[in-house]
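Everything on this sheet refers to the single structure shown next.
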Amino acid sequence: MDVVLAIDLSEATVTRIRFNFFWAVLYNCVGIPIAAGCFAALGVTLKPFEASAAMALSSVSVVLSSLLLKRWEKPSYGRNMEKKNRSPRRRRMQNGALYTELTTSV
């Protein structure tokens with residue numbers, strides 16, 4: 001069971017990493033042109049203290065998003081597994097197909 005839990009936790013971690021990466025790319029695509037002064041003609045500029053606050057906010061938002069991993073719960077493996085765990089990988093784990101895939105691929 002420990003391998004199954006490790007796989008589930010790693011999936012949650014990779015999902016969170018992808019979310020943080022998407023958020024950072026979006027944040028930088030908006031923030032870098034503003035900080036570089038590309039919109040100065042429109043009156044949109046950043047003072048140095050505003051730019052440093054924006055940088056700090058970016059880091060804090062990624063850390064807070066990563067802390068949401070603490071809300072991860074072990075999946076329950078019992079009669080009601082189909083109701084709680086609906087992902088295809090978890091259904092394969094219940095049927096033993098994942099174990100077969102791991103043992104035959106070695």
Extension gain, Leu5 back to Thr45 (0.36 nm per residue minus Cα-Cα distance, nm): 9.6 nm
With no solvent and one equal point scatterer per Cα, compute the Debye intensity ratio I(q)/I(0) for the stretch 7-55 at 0.14 Å⁻¹ and report its log10, rounded to two decimals. -0.49
What list of ³J(HN,Hα) couplings, whole Hz, do you get for the stretch 10-23 from phi and the Karplus terms 6.51, -1.76, 1.60, once you set θ to phi - 60° and write x for glycine and proline? 5, 5, 5, 5, 5, 4, 5, 4, 4, 4, 5, 5, 4, 4
Heavy-atom accessible area of Cys29 with all protein chains present, probe 1.4 Å, nearest 10 Å²? 90 Å²
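The values are calculated or read from the model by the stated rules, or taken from the named source; none is laboratory data. Predicted model, so just to flag it, every value in this text is computed and none were measured. In case anyone asks, the SASA skips ligands and DNA or RNA and just uses the protein heavy atoms, side chains included. Shrake-Rupley method; radii C 1.70, N 1.55, O 1.52, S 1.80 Å.
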